[in-house]
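Here, each number is a calculation from the coordinates, and none is a lab measurement. Note that the coordinates shown come from a computational prediction; the quantities given were computed from them, not determined experimentally. A quick note on method: Cβ atoms are made from the backbone with ideal geometry, for glycine too, and the neighbour counts reach across all protein chains shown.
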Amino acid sequence: MQPALPQWSAHHEPWQTIARQINRIVDAVNTDASLIADGGLNTHRIYSAGSAISGPPRFRGYPMVVVQITAADAGGGKYAGHLFSGNSTAAAGTDISMPEGLSDSRNVNALIVNIPETSAGHRLLSGSFHIGLKAGMTAESPPRMIVLIDSPGPVLFPVRINKDGGADGTQSSPATWTYTVTSIDGLITWGTQQPLARPRPNGSMLPQTGSPAFALAFVDAAGILRLWDAGEIQNTTACT
């Protein structure tokens, strides 16, 4: 690749404005040249502003990619999946719905390696999307792109709650308290009339009385919010 194009400068108008416009073009050309060299585009020569930019053909392409897990692979922490590419059509006013306009390769052409999984087993859900780093090709025929990801898998996370329904338990039945669940800052409501996913024992259960009250939740395989621990305690009486 040729050396980067130089920046222009001027001391007086209108030449300062002209220099700034030229420098914007120079920045764009130098960026394109860098992408061609580092990204491995199969482009041998591009002419821009009268200057030739050369880049050797490479197979790697851009290093970052979006992948979707389609199945667990034979090795622990390794998955089969699809590669996605193209431009996203995501809009700020709608809920996320992956792939958000990205194009599905429709081939199982990725070996997805989840770095946090250092032992046997598989933590990640089939159908889940991840951002990964292209790191090579497998020795299979046909080969697959090796994509490294860093995902802990489903986890419990803190939420804010407010009791909005249900009833206390009895000697023969558990409580049925339900809650409005919001983000930890209380700005986004994730659900109302949410039951507790964690089983309760029979008997009286005391909800939290503090404000704000906090709890733990997770998202299940269907993408549904589940309230796991609302901080309830059993209502007990003094021993006699």
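Report, to two decimal places, the Cα Rg of the range 93-231 normalised by 2.2 N^0.38 Å (N = number of residues).
Working: Rg = 20.6 Å, N = 139, 2.2 N^0.38 = 14.3 Å.
Scaled against compact globular proteins, the figure is 1.43.
Hey, fewest Cβ within 10 Å first, where do ARG24, ARG144 land in order?
On the way: ARG24 10, ARG144 20.
Ranked by crowding around the Cβ, least crowded first: ARG24, ARG144.
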Checklist entry - For the range 157-234, what is one quarter of the convex hull surface built on the Cα atoms, given in nm²? => result 5.0 nm²
Checklist entry - Considering amide H positions built from the backbone, and no H for Pro or chain starts, which residues 5 or more places from MET137, or on another chain, come under 5 Å of its amide H? => result ILE146
Item to check | Theoretical gain in end-to-end length, ASP95 to THR118 [0.36 nm per residue, Cα-Cα removed] | outcome: 4.9 nm
Item to check | Whole-number percent relative contact order across the range 157-234, with pairs defined as alpha carbons under 8 Å at least 6 apart | outcome: 32 percent
Checklist outcome for this item: Between the modelled labels at THR236 and TRP190 (7 Å from Cα along Cα→Cβ) the distance in nm is 3.0 nm
Next on the checklist: Can you tell me, using C-alpha contacts under 8 Å and at least 6 residues apart, the relative contact order of the range 64-149 as a whole percent?
Outcome noted: 35 percent
Checklist entry - So if we plug the beta-carbon distance of TRP228 and LEU133 into 1/(1 + (r/R0)^6) with R0 = 30 Å, what FRET efficiency do we get, rounded to 0.05? => result 0.40
Next on the checklist: How high is the relative contact order of the range 105-240? Use alpha-carbon pairs under 8 Å, at least six apart in sequence, and give a whole percent.
Outcome noted: 19 percent
